[in-house]
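To start, the structure under review is shown below, and the notes come after it.
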Amino acid sequence: MFGSIIQRGKFSSGLGQCNNGVRAYSTVQVPTQSTVIRYKKFGYAPNVLKAQKEDIPALAPNGVLLKMIYAPINPVDLDTISGSYPHVPTLPGIGGNEGVAKVLQVGPKTTKVKVGDLVLPSAFGFGTWRDYASCDESQVIAVPKVKDVKLEYLATLSIAPATAFRLLNDFVDLKEGDVIIQNGANGMVGLSVVQLAAARGIKTINVIRRRSDYEELVELIKSYGGYLVCGDDYIRTPEFRGIISDLPKPKLALSCASTSSTELARLLSPGGTLVTYGGMSSKPITLPTSSFIFNDITCKGFWINKWYETQGVEKKQALLEHLVELVENKKLRLWVERHPFAEFDTALYRAIRTTERSRKVLISF
């Protein structure tokens, strides 16, 4: 679909000045074009995405020129391209909502970021599947100085790990020794929940689908701090209830797949809370009436983009800085796989085939 998509731009000259006073590195490439992954209509991603060469707009006074470094392919990206996501972009659109970039140039009135800074998109819909981007400084936030954090991690912090952190902090007052239960535990949100909970002494019961790499996933989740891992078929059995009988009942259940949400609700403690943050199975949630009447459970939903919209950029930056600190302190690890931008087709295939991989798929620019 793409062919040879990476081409060299022109070198800048001088000592920090180019293009009508715009500040830039003196020896870094200043490209005139960018390769973008664009779609002109909604639909199945492999059918509607196309790589195109586009001229990079001149920088505005408050503008920045970015070189993308890494960008993930998230389920939300594919939903956006299909037209099924609540945030409907204006067409034609550029794929990708998350990623990390380096600032190559800044406009003469730019004050929030400087040349050489690492930045993340400040809002949903940025379009990170391109090697270069020109935008206003308000569209990015600077990443705090880091010593021991992989750039791959920075590219993926703002959706899945951020969701995990909010799920553990915004719904139930959890304390050391408490128990939570979640499905989809092998996803990036699930693995982040496991680690963040373990760091606080909270036990996690982790439910995953049975597939060819089931045993490998069980060991992975346990190595990240998961207390108990089982298949989604096993939680329906008396044997499973026997295994967890000596544990406190879960105060919190986290669901990204409706297929096992019924069982999660049944296992909650009286007054417990079920939070749905995803719909990977694309099916309605079915909840037992008895859990509402006799157990007085609460069911809520969570959407990280809505949290960002209501809380504002400053709180988003504070959250990301905290997540970076957790990564630096080895309390949060992320499981990723990298694919060159020139092999976007392969990366997209891997991202779509969720039953064949567990690592987050990243594009490397």
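Observations on the model:
- Output for segment 55-96, where each listed residue is without any contact (Cβ under 8 Å) to a residue 12 or more places away in the chain, under 15 Å from Gly127 (Cβ atoms) and either outside any loop (DSSP other than H, G, I, E, B) or more than 20 Å from the chain's Cα centre (by Cα) (or both): Thr90
- Residue in segment 322-339 that is farther than 19 Å from Ala197 by Cβ and without any contact (Cβ under 8 Å) to a residue 12 or more places away in the chain present: no
- Strands (runs of 3 or more DSSP E) wholly inside segment 100-186 that include at least 1 residues being in contact (Cβ under 8 Å) with a residue 40 or more places away in the chain, out of contact with any Pro (no Cβ under 7 Å at 6 or more places or on another chain) and of a type in the set (A, V, I, L, M, F, W, C): 100-106, 118-121, 132-136, 140-142
- Qualifying residue in segment 227-238 (condition: under 18 Å from Arg359 (Cβ atoms), among the hydrophobic types (A, V, I, L, M, F, W, C) and free of Cβ contacts under 8 Å to residues at least 60 places away in the same chain): yes
- Subset of segment 140-194 [over 18 Å from the mean Cα position of the chain (by Cα) and basic (Lys, Arg)]: Lys145, Lys147, Lys175
- Selected residue [β-branched (Val, Ile, Thr), modelled with pLDDT of 90 or more and more than 30 Å from Tyr214 (Cα to Cα)] from Thr273, Thr298, Thr346: Thr298
- Which numbered condition Ser192 misses (of (1) surrounded by 24 or more Cβ atoms within 10 Å (Cβ to Cβ); (2) within 20 Å of Ile243 (Cβ to Cβ); (3) out of contact with any Gly (no Cβ under 8 Å at 6 or more places or on another chain); (4) not charged (D, E, K, R)): (2)
- Residues of segment 321-340 that turn out to be more than 17 Å from the chain's Cα centre (by Cα), under 13 Å from Asp148 (Cα atoms) and outside any helix (DSSP H, G or I), as a count: 3
- Residue in segment 146-154 that is surrounded by 21 or more Cβ atoms within 10 Å (Cβ to Cβ) and farther than 27 Å from Glu337 by Cβ present: no
- Taken together, the criteria place Ala51 among residues that are outside any loop (DSSP other than H, G, I, E, B) and in contact (Cβ under 8 Å) with a residue 12 or more places away in the chain.
- Conditions (1) buried (at least 16 other Cβ atoms within 10 Å of the Cβ); (2) part of a helix (DSSP H, G or I); (3) outside the structural domain of Asp170 (by TED's automatic domain parsing); (4) in contact with a strand residue (DSSP E or B) (Cβ under 7 Å, 6 or more places away or on another chain); number of the one not met by Thr346: (1)
The values are calculated or read from the model by the stated rules, or taken from the named source; none is laboratory data. No experiment lies behind these values; they were computed from the predicted model shown. Here Cβ is always computed from backbone atoms with ideal geometry, including for glycine, and neighbour counts include all displayed protein chains.
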